[in-house]
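Have a look at the structure below before the remarks.
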């Protein structure tokens, strides 16, 4: 089973909710396992967790995550209400999430650490979906650092989410400017000679 509260006492309420949600997603889709894709679905279905806010701040359309995951994994034919086991990949994501929280000296593992764990593991369905939407481990960690930031009075999570969106828009504008520059560069070189 993924989320036995006594085994996850160092996990915050949001992370516990996501772990329970992953089990519910597997059951909803009639799967006999809990994998990274179920974890990702649980992360994005609850917009109040930090991981979901990070993804929104990075410009990820949650509907694309959901439709992509459900298309890739489809529905199973498992109907037993019994215990569902986690895949080895899911277990690795959990280990990496705990490691990430320790690395950051966080006292609790949160949903944001689960997101980093997905990206650190890097080979599962969940990581593939996120990568196809332009999410990388470096971008998630950068956004997480910004979200964590020094806690300043008067700066809300919404302010941080807006700052993340602004940074993403700036990154896209720079990419567009670079593309234009690369198009005109040969002409500039010809004019110089």
What about residue 65, is it modelled with pLDDT under 80, part of a helix (DSSP H, G or I) and under 14 Å from the mean Cα position of the chain (by Cα)? yes
Being assigned to a helix (DSSP H, G or I), within 30 Å of residue 34 (Cβ to Cβ) and modelled with pLDDT under 80 narrows it down to one of 171, 145, so name that one. 145
So residue 122 clears everything in (1) at pLDDT below 80; (2) at positive phi except one condition, right? Which one? (1)
Residue check: is residue 6 modelled with pLDDT of 80 or more and part of a helix (DSSP H, G or I)? no
What number of residues in the range 73-119 are touching a helix residue (DSSP H, G or I) at 6+ places or on another chain (Cβ under 8 Å), within 14 Å of residue 41 (Cα to Cα) and modelled with pLDDT under 80? 1
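The values are calculated or read from the model by the stated rules, or taken from the named source; none is laboratory data. Predicted, not measured: the structure shown is a model, and the values here were computed from it. Glycine also receives a Cβ, built like all others from the backbone with ideal geometry; neighbour counts cover every protein chain displayed.
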